[in-house]
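Visitor: Here you go, one structure.
The values are calculated or read from the model by the stated rules, or taken from the named source; none is laboratory data. These numbers were taken from a predicted model, which means no experiment stands behind them. Heads up, the Cβs are rebuilt from the backbone with ideal geometry, glycines too, and the neighbour counts pull from every protein chain shown.
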Amino acid sequence: MTALLLGLVLALSTPAAAQDTPEALREAVLEGDRLFGEGRYEEALAFVEALHPRLVEAFGAFSVEALQNRAAMASSRARLGTEPIEAYAALLDDWVEHHGRDHPEAQRARMNLAMALSNARRAGEAMPFALEAYEFARGHWGAQAVTTLFFRYNVAGLMERTGEYELALAEFIAVKDGLAAHDDGRARKHRAVVTVHAARMAEQLGRHDEAIMLYAESLPATREAFGPRHPDLVRINYLMGKLAGRMGYLSVAGEVLFDGVQLAEEIYGPKSRQVSEYNAMIALVLTREGPGSQYYQLGVHLLDLAIANMEEVLGRSHPALSEPLTWAATLAMEENRWERALELARWSGEIGTAMSGPWFDALAAAETSGKMTAVSSAEEAFRAVQASYLSVASTSTLMLRQRLALAREGAGEAARSYTDSLRRRNTLQAALLDHSGLPLDERDPAAEAALQAELAATLAEIEARQAELSGRDPWMNGLKEGMAASAQEVRESLKPGEAVVIVDVTTRAWGSSRIVVVTPESAAWAPIPADQPQLAALVERVREGIELKIGVRAALSLKAATGAAPEEFDTEAAAELYALTFGQVAPALEGVSHIYVELRGALSSLPPQLLLRSLPEGDLAEADWLLRHHAVTVIPSVLSLQITALGAEVGRAPEPFLGLANPDYGVEAAAGNARAAQLRSGLAPLPETAGEVHSVADAVRAGAGAVLEGAEASEAGLKGRALDRFRVLYFATHGLVSGDAVEGDVLDESALALTPGEGEDGFLKVSEIAQLKLNADWVVLSACNTAVGGKPGAEALSGLAQGFFYAGARALLVSHWPVESQSAVALMTDIFARRAADPALSAAEAQRQAALALMQTPKWSHPAYWAPFILVGDPG
């Protein structure tokens, strides 16, 4: 077949030949589609590229045949990772211009553009294209036509990517049921695929019984569509067995997993990663009833075998080992073999992100046995809690720290070599994982051995470079992802009266949580005696008491204001949260005036300063807030403690301040951007922010032109400035999060609303912020919701904050809920005035003092007014 294909390609590449009849060329277009449909993308691309000049010569550059072939080229290149989105957009424009908007192929091109945007994580932009194509398909081919159902499946995928999970699941199921009426091979294959997708979606939504049934339905559908030995069956059996085991359906889990492991061994071999993953999951089923049960020891040995095989095939440091190592540590703790559990947990932590539950259990056992002191146990707990978590915001902070470190004289060349080696290691590990996932008859033992040898040499290079950099500066260990700074390294960065606190609240309903403290003199840790649902419920109670309904900036201004005052604050919930978290380590925090806090899980949705150390007896203004005892700085990761020191070595920006206030949302933007105009129409003017920003500019002695107002506060004007010249960037405007909407138009990324014009839509989005070049001590976002992620339940600090950290901000001042404008003006102006009056005053202490002063104003004593902002990072 390959020889025949190459012959056909050569024939099509030669001068006009006898077979270049219109009918033959049209058949050739279908041949290109067939190659693509079989997944032979490189062959398909070679074929359609050679075919294209003949089609242009025979039919014209914008003929249906030529444009169809261009679509095949774009699809093949996209599968090979080489086709830009612009090519899809240009192809759609050509279809519309030469054949009309309602040509069926124009609508296929529209859907292809939507999918390209979606794959580029621009699902919000993709949705209008996909919906138009789907609605056309319903009218042209009918609601139950195969092509229409394919289009509907794409729309469902976009719903999933934009957080509409319930709607996505309903659409997946509708597509699955619709395809059941079609008996052709393509429909059967797509039905099998969409059934698995529906099962994964149901599992993600917590509808586990429904997910089990969908997985069970997908197994025969996949066998019928793809054959009895297709690799997808290995994956589906594993997913179904894993879920069934988690739900306690042990007989179902056992049957499915044993079927799957046999097929995995046939296809991939007895020591393959797939077989090892199955064996690890079977081990968990066998040990489910606990030590002493009939098959417990068999499960323990099977898990050990799986780990040994994965180490042999993938290497000791491969990330795929982390999860089974954690499971093995858990089993060791069940048998009270805490030394073995500690060994396995440490190994998992060295690899990267690990589930730290058994690590903490082992540390507690070691402390109880007297083999570790309370302080040494806490110091290792500090390492464990860092290794167990890696967030988007902490990664962005790490990248900033790396850039600052690279700029230091003498470290640059070695650090670059180190990071190059890390990237090479990641590439090799991914290649080894891919190779180990191939069926036996497709594997090349010599290539696998070469990958393993190169990986071993790269790991040795990493170790040597890390030793070199550590000798120069121990904090340079932070260049390693999944890094953990030691307690001693952190102590060297702390001043007297400071402490680092990590509040590690799990995001899993069945997980455990803990709190860890490091001070200049000591360390302590304690479990948090509440599960995730309890903590989340307490956070929700506190949040319900701080909602503002009028005079706010951003998201709520898009909706009808009610004029309601804040709800009654739930003091009992705030006090209980303190007792469960900071209260567990209160002795270690005695005498500490400034805490650096890393927050995770549900607690990351609240500013720590509004927790109560005890229930108030009277006015909220006199309550025993945590803020009365500690200034608070939130940190994305422990490594961010070094950013201020590194920034000082690199050099500060020469100009003190640039502020933007009260943008003009009514300015005409570029034609054709009706969606952005609709969104801007819901934003209320903010005239009071001009005074706020001018007051702050005066406090820091900024010169003329330091404040941009109205039309000057534009997105285009901001991007056109040398922003790395300003120590403070101050935005007093509306902040919006992904999903904010006006009459159906939805914002697809978190953004700051600025004046539009000059080719810009006026929404400075996260993706655009990340491309800015900053050297800012801090960025102030005197807006709303600027601490939250892209959608409800998203990781905190993963929206606007992430973008600014990546761009080069050392610290941020951001808000946790829609802020009331007048109190925000008073608070922000006071913070900078205090800093200007006393340059030695830390930013965290200035914020603490300003908040305490604001709450003494009777109308602003409620924490909704004085507590929304958190300081993230240290501006120095």
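Visitor: From the residues in the range 732-760 that are in a strand (DSSP E or B) and of a type in the set (Val, Ile, Thr), which one is modelled with the lowest pLDDT?
Guide: VAL742
Visitor: To continue, here is another question. Residues being surrounded by fewer than 21 Cβ atoms within 10 Å (Cβ to Cβ) and of a type in the set (Ser, Thr, Tyr): count how many of those fall in the range 843-872.
Guide: 2
Visitor: What are the residues in the range 686-701 that are in contact (Cβ under 8 Å) with a residue 40 or more places away in the chain and not hydrophobic (A, V, I, L, M, F, W, C), if any?
Guide: Hits for the range 686-701 are GLU688, THR689, GLY691, GLU692, SER695, ARG701.
Visitor: Moving on. Just checking, how many residues over the range 797-811 are out of contact with any Phe, Trp or Tyr (no Cβ under 6 Å at 6 or more places or on another chain) and either aromatic (Phe, Trp, Tyr) or under 17 Å from PRO608 (Cβ atoms) (or both)?
Guide: Residues in the range 797-811 being out of contact with any Phe, Trp or Tyr (no Cβ under 6 Å at 6 or more places or on another chain) and either aromatic (Phe, Trp, Tyr) or under 17 Å from PRO608 (Cβ atoms) (or both): 5 in total.
Visitor: Sticking with this one: Can you name every residue in the range 820-876 that is farther than 24 Å from SER637 by Cα and part of a loop (DSSP other than H, G, I, E, B)?
Guide: Within the range 820-876, ASP838, PRO839, ALA840, MET855, GLN856, THR857, SER861, HIS862 qualify.
Visitor: Name every residue in the range 328-362 that is touching a residue at least 60 places away in the same chain (Cβ under 8 Å) and assigned to a helix (DSSP H, G or I), in order of residue number.
Guide: Within the range 328-362, GLY349, ILE351, GLY357, PHE360 qualify.
Visitor: Regarding the range 285-292, can at least one residue be identified that is of a type outside the set (Phe, Trp, Tyr) and part of a helix (DSSP H, G or I)?
Guide: Among the residues of the range 285-292, at least one is of a type outside the set (Phe, Trp, Tyr) and part of a helix (DSSP H, G or I), which makes the answer yes.
Visitor: Something else now. So, LEU729, is that one modelled with pLDDT of 90 or more, surrounded by 21 or more Cβ atoms within 10 Å (Cβ to Cβ) and outside any helix (DSSP H, G or I) or not?
Guide: yes
Visitor: Could I ask something else about it? Confirm whether VAL490 is under 28 Å from the mean Cα position of the chain (by Cα), at pLDDT 90 or above and not assigned by TED's automatic domain parsing to the domain that holds GLY601.
Guide: Here the answer is yes, as VAL490 does meet what is asked.
Visitor: Continuing with the same structure: Six or more apart or on different chains, Cβ atoms under 8 Å: show the pairs whose first residue is in the range 112-129 and at positive phi and whose second is at pLDDT 90 or above and of a type outside the set (Lys, Arg).
Guide: That search, which allows pairs on different chains as well, returns nothing.
Visitor: Then there's this: Name the pairs whose Cβ atoms lie under 7 Å apart, with the first residue in the range 702-728 and farther than 15 Å from PRO656 by Cα, the second small (Gly, Ala, Ser) and surrounded by 15 or more Cβ atoms within 10 Å (Cβ to Cβ), and 6 or more positions between them or separate chains?
Guide: Listed by first residue and then by second, the contacts come to GLU709/ALA661; GLU709/ALA690; ALA713/ALA661; SER714/GLY757; GLU715/GLY762; ALA716/GLY757.
Visitor: Read through the list (1) crowded, with 20+ Cβ neighbours inside 10 Å; (2) more than 24 Å from THR571 (Cβ to Cβ), then give the number of the only condition that ALA840 fails.
Guide: Among (1) crowded, with 20+ Cβ neighbours inside 10 Å; (2) more than 24 Å from THR571 (Cβ to Cβ), the lone unmet condition for ALA840 is (1).
Visitor: Could you list, ordered by first residue, the pairs with Cβ atoms under 6 Å in which the first is in the range 617-631 and part of a loop (DSSP other than H, G, I, E, B) and the second is of a type in the set (D, E, K, R) and crowded, with 16+ Cβ neighbours inside 10 Å, at least 6 apart or interchain?
Guide: Final answer for the pair search is ASP624/ARG613.
Visitor: Do you know which residues across the range 499-525 are aliphatic (A, V, I, L, M), more than 14 Å from LEU603 (Cβ to Cβ) and touching a strand residue (DSSP E or B) at 6+ places or on another chain (Cβ under 6 Å)?
Guide: ALA499, VAL500, VAL517, VAL518, ALA524
Visitor: Could you please find all residues in the range 686-710 being outside any helix (DSSP H, G or I) and either surrounded by 14 or more Cβ atoms within 10 Å (Cβ to Cβ) or not assigned by TED's automatic domain parsing to the domain that holds LEU660 (or both)?
Guide: LEU686, VAL700, ALA702, ALA706, VAL707, LEU708, GLU709, GLY710
Visitor: Same structure again: ARG186 passes all but one of (1) in contact (Cβ under 8 Å) with a residue 24 or more places away in the chain; (2) within 23 Å of GLU125 (Cβ to Cβ); which number fails?
Guide: Single failed check for ARG186: (2).
Visitor: Can you report the number of residues in the range 486-520 which are in contact with a Pro (Cβ under 9 Å, 6 or more places away or on another chain), in a loop (DSSP other than H, G, I, E, B) and either buried (at least 18 other Cβ atoms within 10 Å of the Cβ) or in contact (Cβ under 8 Å) with a residue 12 or more places away in the chain (or both)?
Guide: So the answer is 9.
Visitor: Restricting to the range 854-874, name every residue that is touching a Phe, Trp or Tyr at 6+ places or on another chain (Cβ under 9 Å), farther than 19 Å from ALA499 by Cβ and not hydroxyl-bearing (Ser, Thr, Tyr).
Guide: LEU854, MET855, LYS859, TRP860, HIS862, PRO863, ALA864, TRP866, ALA867, PRO868
Visitor: Condition check: assigned to a loop (DSSP other than H, G, I, E, B) and farther than 27 Å from LEU92 by Cα. Does ASP177 satisfy that?
Guide: Judged against the criteria, ASP177 is not a match.
Visitor: Of everything in the range 111-157 that's aromatic (Phe, Trp, Tyr) and part of a helix (DSSP H, G or I), which residue is surrounded by the fewest Cβ atoms within 10 Å (Cβ to Cβ)?
Guide: PHE150
Visitor: Next up: Somewhere in the range 575-587, is a residue under 30 Å from the mean Cα position of the chain (by Cα), in a loop (DSSP other than H, G, I, E, B), under 25 Å from SER861 (Cα atoms) and at pLDDT 95 or above?
Guide: Checked the range 575-587: at least one residue is under 30 Å from the mean Cα position of the chain (by Cα), in a loop (DSSP other than H, G, I, E, B), under 25 Å from SER861 (Cα atoms) and at pLDDT 95 or above.
Visitor: If I filter the range 692-702 for residues that are among the basic types (Lys, Arg) and at pLDDT below 90, do I get at least one hit?
Guide: Yes, the conditions are met somewhere in the range 692-702.
Visitor: Let me ask another. When the residues of the range 76-110 are filtered to those that are buried (at least 22 other Cβ atoms within 10 Å of the Cβ) and modelled with pLDDT under 90, which remaining residue is farthest from ALA50 (Cα to Cα)?
Guide: Result: TYR88.
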